[in-house]
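I have placed the structure first, in the form of structure tokens, so that the comments after it can refer back to it.
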Amino acid sequence: MENPVFRRKIYKEILEWKEERSEKYALLIKGARRVGKSTIVEEFAKKEFKSYILIDFAHTSKEITGLFDDMYNLDFFFLQLQQFTGVRLYEKESVIIFYEGQLFPRARQAIKYLVADGRYKYIETGSLISIRENVKDILIPSEEDHVDMYPLDFEEFLGANGNDT
């Protein structure tokens with residue numbers, strides 16, 4: 001049986017971003033808490049990329065957050081990120097995911113430089129990511145493609161329960 005997570009309509013939007021806009025833009029998925037942002041992004045990364053690194057800013061180490069203190073040497077940044085996570089990144093074939101980016105605005109600000117570097121793709125998620133308080137001290141990157149995610153609609157609900165019509 002197919003995993004119902006792939007039946008979310010947003011999957012098609014994320015795939016379009018990867019195929020058409022990921023060279024120039026990170027993808028920012030916004031939505032209420034508990035609508036499935038993390039689930040769909042991780043499933044997408046598993047299916048559509050050779051490897052991925054997931055950084056959950058609600059539960060990450062000081063070593064990883066410390067990498068964002070100095071973004072001058074991206075070679076060192078990526079080398080350390082791979083070492084700390086134990087995941088190998090492949091140029092043009094890997095995605096780095098920032099969960100709960102509103103908790104660590106410096107990472108969101110770094111998106112401009114990470115996207116310009118061009119080695120990897122980036123997806124950001126957050127439930128309160130656009131609230132003024134969460135972005136007041138950073139330069140909002142223009143290199144973001146925004147998508148809103150909502151709870152299951154009726155069709156998605158039926159599909160998730162095996163009632164395709």
Cα pair distances of the chain binned at 10 Å [whole percent]: 10, 40, 35, 12, 3, 0
Calculated FRET efficiency for the pair E23/T65, C-beta based, R₀ 25 Å, to 0.05: 0.40
Solvent exposure ordering (accessible area, 1.4 Å, most first) of M149, M71: M71, M149
Å³ per residue enclosed by the Cα convex hull of the stretch 1-69: 137 Å³
Amide H contacts under 5 Å for D145, placed H, 5+ residues apart: A26, L27, L28
Accessible area expressed per residue, the chain, with surrounding protein chains retained (probe 1.4 Å, Å²): 57 Å²
Protein accessible area in the stretch 1-116, 1.4 Å probe - carbon and sulfur %: 47 percent
With Cα atoms, 0 to 90° folded angle of helix 105-117 axis to the chain main axis: 90 degrees
P(r) histogram, all alpha-carbon pairs of the stretch 33-101 included - 5 Å bins from 0, percent: 3, 15, 25, 25, 19, 10, 3, 0
With Cα atoms, 0 to 90° folded angle of helix 10-20 axis to the chain main axis: 50 degrees
Estimated FRET transfer efficiency (Q80, K50; beta-carbon r; R0 25 Å; 0.05): 0.80
Helix-derived mean residue ellipticity, 222 nm - over the chain, DSSP H n ≥ 4, -39500 (n - 2.57), to 500: -11000 deg cm²/dmol
Most to least packed among 90-102, 107-119 [average Cβ atoms within 10 Å]: 90-102, 107-119
Cα-centre dipole for the chain with unit charges at Cβ (Lys and Arg positive, Asp and Glu negative), debye to 20: 200 debye
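The values are calculated or read from the model by the stated rules, or taken from the named source; none is laboratory data. On a predicted model such as this, the values are computed, not experimentally measured, just so you know. Every residue, glycine among them, receives a Cβ derived from its backbone with ideal geometry; neighbour counts consider all protein chains shown. These area figures cover heavy atoms from the full protein model, side chains too; ligands, DNA and RNA do not enter into them. Shrake-Rupley method; radii C 1.70, N 1.55, O 1.52, S 1.80 Å.
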